[in-house]
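Step one of this worksheet: look at the structure below.
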Amino acid sequence: MAKVLTSKEENYSQWYNDLVTKADLAENSAVRGCMVIKPYGYAIWEKMQAALDKMFKDTGHSNAYFPLFIPKSFFSKEASHVEGFAKECAVVTHYRLKNDENTNEIVVDEDARLEEELIVRPTSETIIWNTYKGWIQSYRDLPILVNQWANVVRWEMRTRLFLRTAEFLWQEGHTAHATSQEAQEETIKMMNVYATFAESFMGVPVIKGLKSENERFAGAIETYCIEALMQDGKALQAGTSHFLGQNFAKAFDVKYLNKEGKQEYVWASSWGVSTRLMGALVMAHSDDNGLVLPPKLAPTQVVIVPIYKKDEQLKEISEYAHVLKANLEKLGVTVKYDDRDTHKPGWKFAEYELKGFPVRIAIGPRDMENKTVEVARRDTLEKKLYNQSEVEKVVVDLLSDIQENIYNKALRFREENTRTADNYEAFKDLIENKGGFVYAFWDGTPETEQKIKEETKATIRCIPLDTEEKEGKCVYSGKPAKKRVLFARAY
RNA sequence: CGGGAUGUAGCACAGUCCGGUUAGUGUACCUGCUUUGGGAGCAGGGGGUCGCAGGUUCGAAUCCUGCCAUCCCGACCA
């Protein structure tokens, strides 16, 4: 198992020191759990953004931007929504500072108190629906298919780097529809977009399903999700898509005139994924040598490292390396040629493995003599010699092979760690001693789910969409149950 | 906010129990020479409010009191 993100010591290891660091905001306060995303980490996020953004555009969505601040009154209009988020909100109360004459320190100017407090968005449903009210009059104005790339703040009691930070980057889609069916189709469509992204870009297999009532988004009728399994046997919610019904339309009085000339409330969906996905990427694929990035999301796919003793050797190698780099770039491959003289080849090998570069090409005097190069792949750490005449093709093929291989490896891991429990003793044993996903019958009540959570720390990750209904007995209560649901301990 | 642990150089730690030279090790950093096919070697060098405040003492990183912070486990959660 990879050493990443499993304990304190390892949390601060170099594994993700390249990606992120904790922000040192205050010496003496409750401010915690903020992260600085370093350039290399941000480059990965940009790759994710680009791929997701294209998928959103391809499904008819446009980007827009809404305010960071939400008036408290907007926030409290949807009852279960405000209840769900109330305990984790940052609140703006003042708009000015002043110099204190006595202490000569900068203090909050009490005269500049806001009449109505502003909430720093933990999610944007309220301010967006308040805005949609003005955009929608007729069925001709629908649907509205909008996405926003933004930061949000959730003042969690306990944070965890990448997975649950006080401030995080994400995208949130907010759509408005004329019919319930259309909104539900949108909800499922976006869940599928997320699943496709996770599997074909991140190389992380996911289970698609519905959240139980306990785990549902505050304000949603149904929450769809994708659940992934990390290498330490814990589950991670990787993305959610909510069918909001008419809850927000009613709260913000968003009605449209239908073809029959009748006023009707608008139907809604919202969906989001966050920088948590970077945590998923790290935890799903890393090994003891560091990150393993899927080629489709690696900021740089290939690194070329020259090996030389004399300057003339470097000059000769560099001439070839530049040609190789240009050839690969023509084929759409991103390449870095690292001819720094400040580090030795062995140091560079270790460094690029730590950073997860999918392919490394080493070229030395011996290669120049034999017209070969050494190609190493990150996922298996295999090294092979190839003729210089065939390298370009080899690399292109290798990149798609790596992409496929790391997905298959993660899929195999998930299959090996997915089990079924038919009684509570077996269930507890699996959760406690094996980890991973456990399928078990559930009677469908929140009470049972809560009891199981209290006793085992396992929660229902989702009610999977692709498993058949069949008669069974709840693993906890023994009452009749219709379906096996997916349990796991989760992040 | 409860339970536990920890705070010593950029990072990782030893020293604390049992007070006593100039606070140490690894790594990172700087200089020089030799090196370069898997994180080089040697020599020299810079870097410390020992978390903060108070107390005990001839003398405190070490003992006492208070405070602060961090991490892990819970409650909360993308």
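Does region A:382-394 hold any residues that are among the charged types (D, E, K, R) and either in a helix (DSSP H, G or I) or away from RNA strand B (no atom under 15 Å from the Cβ) (or both), and which are they?
Going residue by residue through region A:382-394, those that are among the charged types (D, E, K, R) are A:382-384, A:390, A:392-393.
Scanning region A:382-394 gives A:Glu390, A:Glu392, A:Lys393.
Return the total of residues in region A:177-214 being in a helix (DSSP H, G or I) and under 25 Å from A:Tyr407 (Cα atoms). Write out each step before concluding.
Initially, region A:177-214 is screened for residues in a helix (DSSP H, G or I), giving A:180-201, A:213-214.
Imposing the further condition that a residue be under 25 Å from A:Tyr407 (Cα atoms) reduces the set to A:188-201.
Total satisfying the criteria: 14.
With the requirement that a residue be charged (D, E, K, R) and either in contact with a helix residue (DSSP H, G or I) (Cβ under 8 Å, 6 or more places away or on another chain) or outside any strand (DSSP E or B) (or both), what does region A:99-120 give you? Let's see the steps before the verdict.
Here is the first cut: in region A:99-120, the residues charged (D, E, K, R) are A:100-101, A:105, A:109-111, A:113, A:115-117.
Matches in region A:99-120: A:Asp100, A:Glu101, A:Glu105, A:Asp109, A:Glu110, A:Asp111, A:Glu116, A:Glu117.
Out of (1) in contact with a helix residue (DSSP H, G or I) (Cβ under 7 Å, 6 or more places away or on another chain); (2) crowded, with 20+ Cβ neighbours inside 10 Å, what's the single condition that is false for A:Glu213?
Unmet for A:Glu213, out of (1) in contact with a helix residue (DSSP H, G or I) (Cβ under 7 Å, 6 or more places away or on another chain); (2) crowded, with 20+ Cβ neighbours inside 10 Å: (2).
If you take the residues of region A:1-58 that are among the small types (Gly, Ala, Ser) and modelled with pLDDT of 60 or more, which of them is nearest to RNA strand B (Cβ to nearest atom)?
First, the residues of region A:1-58 that are among the small types (Gly, Ala, Ser): A:2, A:7, A:13, A:23, A:26, A:29-30, A:33, A:41, A:43, A:50-51.
Remaining after also requiring modelled with pLDDT of 60 or more: A:23, A:33, A:41, A:43, A:50-51.
Details: A:Ala23: 10, A:Gly33: 7, A:Gly41: 14, A:Ala43: 19, A:Ala50: 20, A:Ala51: 18 Å.
This residue is A:Gly33.
Out of curiosity, is A:Glu182 closer than 30 Å to A:Glu260 by Cα and buried (at least 23 other Cβ atoms within 10 Å of the Cβ)?
Values: closer than 30 Å to A:Glu260 by Cα: yes; buried (at least 23 other Cβ atoms within 10 Å of the Cβ): no.
When the stated conditions are applied, A:Glu182 does not pass them.
So, in region A:435-491, exactly how many residues are more than 14 Å from A:Gly233 (Cα to Cα) and either over 26 Å from the mean Cα position of the chain (by Cα) or within 16 Å of RNA strand B (Cβ to nearest atom) (or both)?
Looking only at that region, the number is 37.
Give A:Asp379, A:Asp397, A:Asp339 a once-over and let me know the one that is away from RNA strand B (no atom under 12 Å from the Cβ) and part of a loop (DSSP other than H, G, I, E, B). Before the answer, list the steps.
On the way: A:Asp397 fails: part of a loop (DSSP other than H, G, I, E, B); A:Asp339 fails: away from RNA strand B (no atom under 12 Å from the Cβ).
Residue meeting the stated conditions: A:Asp379.
Search region A:335-352 for residues that are within 20 Å of A:Leu381 (Cβ to Cβ) and pair each with any residue that is polar (S, T, N, Q) when their beta-carbon atoms are under 6 Å apart and the residues are at least 6 apart or on different chains.
A:Lys336/A:Thr300
Could you pull out the residue among A:Tyr352, A:Tyr407 that is among the aromatic types (Phe, Trp, Tyr), under 24 Å from the mean Cα position of the chain (by Cα) and within 9 Å of RNA strand B (Cβ to nearest atom)? Working first, answer last.
Working: A:Tyr407 fails: within 9 Å of RNA strand B (Cβ to nearest atom).
From the options A:Tyr352, A:Tyr407, the qualifying one is A:Tyr352.
Can you report the number of residues in region A:135-162 which are modelled with pLDDT under 95 and buried (at least 21 other Cβ atoms within 10 Å of the Cβ)?
Matching residues across region A:135-162 total 1.
When residues of region A:329-349 are filtered for being under 27 Å from A:Met283 (Cα atoms) and surrounded by 14 or more Cβ atoms within 10 Å (Cβ to Cβ), how many remain? Break it down stepwise before answering.
First, the residues of region A:329-349 that are under 27 Å from A:Met283 (Cα atoms): A:333-336, A:346-349.
The next check asks that each one be surrounded by 14 or more Cβ atoms within 10 Å (Cβ to Cβ); those that pass are A:333-336, A:348-349.
Of the residues in region A:329-349, 6 are under 27 Å from A:Met283 (Cα atoms) and surrounded by 14 or more Cβ atoms within 10 Å (Cβ to Cβ).
Within 11 Å of RNA strand B (Cβ to nearest atom), modelled with pLDDT under 95, surrounded by 22 or more Cβ atoms within 10 Å (Cβ to Cβ) and assigned to a strand (DSSP E or B): does that describe A:Leu236?
Details: within 11 Å of RNA strand B (Cβ to nearest atom): yes; modelled with pLDDT under 95: yes; surrounded by 22 or more Cβ atoms within 10 Å (Cβ to Cβ): yes; assigned to a strand (DSSP E or B): yes.
It is true that A:Leu236 is within 11 Å of RNA strand B (Cβ to nearest atom), modelled with pLDDT under 95, surrounded by 22 or more Cβ atoms within 10 Å (Cβ to Cβ) and assigned to a strand (DSSP E or B).
Under the condition of being of a type in the set (Lys, Arg) and in contact with a Phe, Trp or Tyr (Cβ under 8 Å, 6 or more places away or on another chain), which residue from region A:355-376 is farthest from RNA strand B (Cβ to nearest atom)?
In the first step, residues of region A:355-376 are kept if they are of a type in the set (Lys, Arg); the result is A:355, A:360, A:366, A:371.
Adding the requirement that they be in contact with a Phe, Trp or Tyr (Cβ under 8 Å, 6 or more places away or on another chain) leaves A:355, A:360.
Numbers: A:Lys355: 9, A:Arg360: 7 Å.
The qualifying residue farthest from RNA strand B (Cβ to nearest atom) is A:Lys355.
Looking at A:Val302, is it away from RNA strand B (no atom under 12 Å from the Cβ) and under 20 Å from A:Gln403 (Cα atoms)? I'd like the intermediate steps shown before the answer.
Working: away from RNA strand B (no atom under 12 Å from the Cβ): yes; under 20 Å from A:Gln403 (Cα atoms): yes.
Answer is yes for this residue.
Taking region A:287-324 only, how many residues are over 19 Å from A:Trp347 (Cα atoms), charged (D, E, K, R) and touching a residue at least 24 places away in the same chain (Cβ under 8 Å)?
Within region A:287-324, residues that are over 19 Å from A:Trp347 (Cα atoms), charged (D, E, K, R) and touching a residue at least 24 places away in the same chain (Cβ under 8 Å) number 2.
Kindly evaluate A:Ala488 against the criterion of being in contact with a strand residue (DSSP E or B) (Cβ under 8 Å, 6 or more places away or on another chain), small (Gly, Ala, Ser) and over 24 Å from A:Gly279 (Cα atoms). Outline the logic, then answer.
Values: in contact with a strand residue (DSSP E or B) (Cβ under 8 Å, 6 or more places away or on another chain): yes; small (Gly, Ala, Ser): yes; over 24 Å from A:Gly279 (Cα atoms): no.
Answer is no for this residue.
Look through region A:345-365, keep the residues that are among the basic types (Lys, Arg) and modelled with pLDDT of 95 or more, and return whichever of them is farthest from A:Asn17 (Cα to Cα). Walk me through how you get there before you give the answer.
From region A:345-365, those among the basic types (Lys, Arg) are A:348, A:355, A:360; that's our starting set.
Then keep just the ones that are modelled with pLDDT of 95 or more; that gives A:348, A:360.
Working: A:Lys348: 16, A:Arg360: 21 Å.
For region A:345-365, the residue satisfying everything is A:Arg360.
The values are calculated or read from the model by the stated rules, or taken from the named source; none is laboratory data. Because the structure is predicted, anything quoted here is derived from the model rather than measured. So basically every Cβ, Gly included, is an ideal-geometry build from the backbone, and we count neighbours across all protein chains shown.
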